[in-house]
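The values are calculated or read from the model by the stated rules, or taken from the named source; none is laboratory data. Keep in mind the model is a prediction, meaning the values are calculated, not measured. Because the Cβ atoms are built from the backbone with ideal geometry, glycine has one as well, and the counts that use them run over all protein chains shown. These area figures cover heavy atoms from the full protein model, side chains too; ligands, DNA and RNA do not enter into them. Shrake-Rupley method; radii C 1.70, N 1.55, O 1.52, S 1.80 Å.
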Amino acid sequence: MDSLSCRVSDNTRQICHCLLWISLLILISWTNTTYSSSPPTKRFHFNVEWKKVTRLCHTKQLLTVNGQYPGPTIAVNEGDNVEITVTNSILENTTIHWHGVRQYRTAWADGPAYITQCPIKGGKSYTYKFNVVDQRGTLFWHAHYGWQRASVHGPFIIYPRLPYPFPSPFHGEIPLIFGEWWNGDADAVGSEMMRYGGGPNSSEAYTINGFPGPLYPCSSKDTFIQTVEKGKTYLLRIINAALNDELFFAVADHNLTVVEVDAAYTKPFSTPAVMVAPGQTTTVLLTTDQYPDPSGNSMFPMAITPYLTSVFPFDNSTALGFLSYEKGSANPNPNYNLKVPNLPRMSDTPFATDLSRRTRSLGSRQYPCRVPKSFDKRIIVTVSLNLQDCPSNMTCKGYNGKRYFASMNNQSFVRPLTGSVLELHYKKNLTASTDSLATNFPEQPPETFDFTGVDPLSQNMNTEFGSKVLVVPYGTNLEIVLQGTSFLNVENHPIHIHGHNFFIVGEGFGNYDPNRDPDGYNLVDPPERNTVAVPTGGWAAVRFRADNPGVWFVHCHLEVHTTWGLAMAFVVLDGPGPAQKMIPPPVDLPPC
């Protein structure tokens, strides 16, 4: 008898064979389910290399990834494992940071030099391995060594597992990455600044997707133009990768509907423009509902210009790109309208404040707002610029012949150069002593005074230098109040926290009052972000659950301020469960 058949004449054998087939089908189904439930791995290769690039009629060797400026887009799906091999083909060191990726238990892949890894040396490679669980939206990646971020950056997009919680499908996606262009070497600008203690040279231009646009000399051909169709809706993924400037963005005669910030969904709201600080992303919907002007022109300029909160020299200019309702549009005609009437003024703090206050977490059943309702530890951190006396054997170019530095709670952060803080923590080499790398970061300012009311030039605290870190147990509900000061200048500070998203539960101007201000906290739907723009001359309070074991960098995303020392690091200790502990370091982790 054929063993694969079920014969009616033999009921016993028929039942036996049919049960065998059913069992086999169940096994095959279970095997397929098991394999399909394993998340896929997306692999990429980055080659850090020099390439000749021309902007503003100035050709120079520009540091790039894979010869692209801006760099390539990383596009993955929520839940994917990601492996990105970075080969350093230049003589200088480098690292790459995946900005906003939570890196749960994978701090070794976070990227800031001397914080979570030693740099990748010339001719060497390192593979960053991590996953993107419970995250979706627009982020970006960038170099995290010196000032290399000026040109080494690109979009990092996580496509959602579930449908978007806002109107879709849309007709297309438009990534817009903002940056700055220096005719010289940006990294040398940072080095020169530290050599003489002065401020940095400003950039020569702002850029939209690497192009400055027609308002700069010799740049009409270097203009970003995006063709669109009338009557359609587009998703704009806006990224500020600029080194030292918060930026306003608007598209002439078009409204923007904000639907996401820092890869976290928001309650949608309409606005004529947005302010995006360095390190922040904003995703908006734009509907092409306008008509050509009387001349028949259907090119609508889009612009970025700085949000000015500083007395220091800055790039007082505007970069333009265009939305073109016509296919095949060439370089912008000089007779085209170049004005963006809905672009805020450079000093429009009321607009930036209102935009921040209108931004709220979506807070839906599918995407709940998990803001901690209470906290275990509150830390108040002053964010300051500082003047330091000039050493007798040096020439200093800061104000009144002194040197500029910056600090948190009067601690100007110095990175260890013999190993990363994460390696020292993993090897149990951090101490509670008062030496240079210690676990005694001050949880309150060393002095209490009118932080935002002192004379910016006559009163100043000389900063202390070191690498003190904060240590918190796994699962701590942490509240950090970031208090601006008026030393040298009241300024908007974009503070980025690695390894965690946080909720901005409160913000205001002047001095934070722990007895009064918490009464006004939003503990229902505060915005969830990874970078907070601390208001100029004010404060911001953020809350999060420290549930990611490892060492995490906290710093101002204005590169000039981080270089001056406006940074700190904190350690989240391992939790009791096996899934609450750091994984061991990878075998190819770069040595110092």
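Quick notes on this structure:
- Applying the set (1) in contact with a Leu (Cβ under 8 Å, 6 or more places away or on another chain); (2) modelled with pLDDT of 95 or more to ARG516 leaves exactly one unmet item: (1).
- Selection from the range 475-508 of residues that are of a type in the set (S, T, N, Q) and modelled with pLDDT of 95 or more: THR476, ASN477, GLN483, ASN501
- Screening the range 392-409 for residues that are in a loop (DSSP other than H, G, I, E, B) and in contact with a helix residue (DSSP H, G or I) (Cβ under 7 Å, 6 or more places away or on another chain) and picking the one that is most open to solvent (accessible area, probe 1.4 Å) gives LYS397.
- Qualifying residues in the range 112-163 (those that are part of a strand (DSSP E or B) and over 19 Å from the mean Cα position of the chain (by Cα)) - the one nearest to GLY179 (Cα to Cα): ILE120
- LEU478, sole failed condition from (1) over 27 Å from LEU437 (Cβ atoms); (2) in a strand (DSSP E or B): (1)
- Among the residues making up the range 540-563, those that are open to solvent by less than 10 Å² (accessible area, probe 1.4 Å) and closer than 27 Å to TYR404 by Cα are ALA540, ALA541, TRP552, PHE553, VAL554, HIS555, CYS556, HIS557, LEU558, HIS561.
- Residue check for ARG149: among the basic types (Lys, Arg), touching a helix residue (DSSP H, G or I) at 6+ places or on another chain (Cβ under 9 Å) and either crowded, with 19+ Cβ neighbours inside 10 Å or at pLDDT below 95 (or both): yes
- Check on SER220, surrounded by fewer than 21 Cβ atoms within 10 Å (Cβ to Cβ) and either part of a strand (DSSP E or B) or of a type in the set (Ser, Thr, Tyr) (or both): yes
- Among the residues of the range 106-136, just one is of a type in the set (Asp, Glu) and either over 17 Å from ASN501 (Cβ atoms) or open to solvent by 10 Å² or more (accessible area, probe 1.4 Å) (or both), namely ASP134.
- Meets criteria (open to solvent by less than 70 Å² (accessible area, probe 1.4 Å) and free of Cβ contacts under 8 Å to residues at least 60 places away in the same chain) for LEU457: no
- Taken together, the residues in the range 372-388 that are open to solvent by 10 Å² or more (accessible area, probe 1.4 Å) and either farther than 20 Å from LEU488 by Cβ or of a type in the set (D, E, K, R) (or both) amount to 8.
- In the set (1) more than 25 Å from GLY71 (Cβ to Cβ); (2) modelled with pLDDT of 90 or more, ASN297 fails one condition alone, (2).
- Within the range 161-203, if we keep just the residues that are aliphatic (A, V, I, L, M) and touching an Asp or Glu at 6+ places or on another chain (Cβ under 9 Å), the residue that is farthest from LEU286 (Cα to Cα) turns out to be ALA186.
- The range 455-495, residues that are within 15 Å of ASN410 (Cβ to Cβ) and of a type in the set (A, V, I, L, M, F, W, C): MET461, PHE465, LEU470, LEU482, PHE487, LEU488
- Within the option set LYS428, LYS397, LYS402, being closer than 24 Å to PRO584 by Cα and not aromatic (Phe, Trp, Tyr) holds for one residue only, LYS428.
- Filtered residues of the range 137-146 (kept if open to solvent by less than 10 Å² (accessible area, probe 1.4 Å) and either at pLDDT below 95 or over 28 Å from PRO584 (Cβ atoms) (or both)): GLY137, THR138, PHE140
- Evaluation of HIS254 against (1) assigned to a loop (DSSP other than H, G, I, E, B); (2) open to solvent by less than 50 Å² (accessible area, probe 1.4 Å); (3) more than 19 Å from PHE351 (Cβ to Cβ) (one fails), failing number: (3)
- The number of residues in the range 62-105 being assigned to a strand (DSSP E or B), open to solvent by 20 Å² or more (accessible area, probe 1.4 Å) and without any contact (Cβ under 8 Å) to a residue 60 or more places away in the chain comes to 4.
- Flag for SER412 being touching a Phe, Trp or Tyr at 6+ places or on another chain (Cβ under 8 Å) and either open to solvent by less than 30 Å² (accessible area, probe 1.4 Å) or at pLDDT below 95 (or both): yes
- Verdict on PRO175 being open to solvent by 40 Å² or more (accessible area, probe 1.4 Å) and modelled with pLDDT of 95 or more: yes
- Sole residue being charged (D, E, K, R), farther than 30 Å from ASP80 by Cβ and in contact with a Lys or Arg (Cβ under 7 Å, 6 or more places away or on another chain), chosen from ASP222, ASP187: ASP222
- The range 186-205, subset buried (at least 17 other Cβ atoms within 10 Å of the Cβ) and of a type in the set (D, E, K, R), residue farthest from GLN61 (Cα to Cα): GLU204
- Taking the conditions (1) surrounded by 12 or more Cβ atoms within 10 Å (Cβ to Cβ); (2) small (Gly, Ala, Ser); (3) modelled with pLDDT of 90 or more in turn, ALA438 satisfies each one other than (3).
- Residue check for SER374: polar (S, T, N, Q), closer than 30 Å to PRO112 by Cβ and outside any strand (DSSP E or B): no
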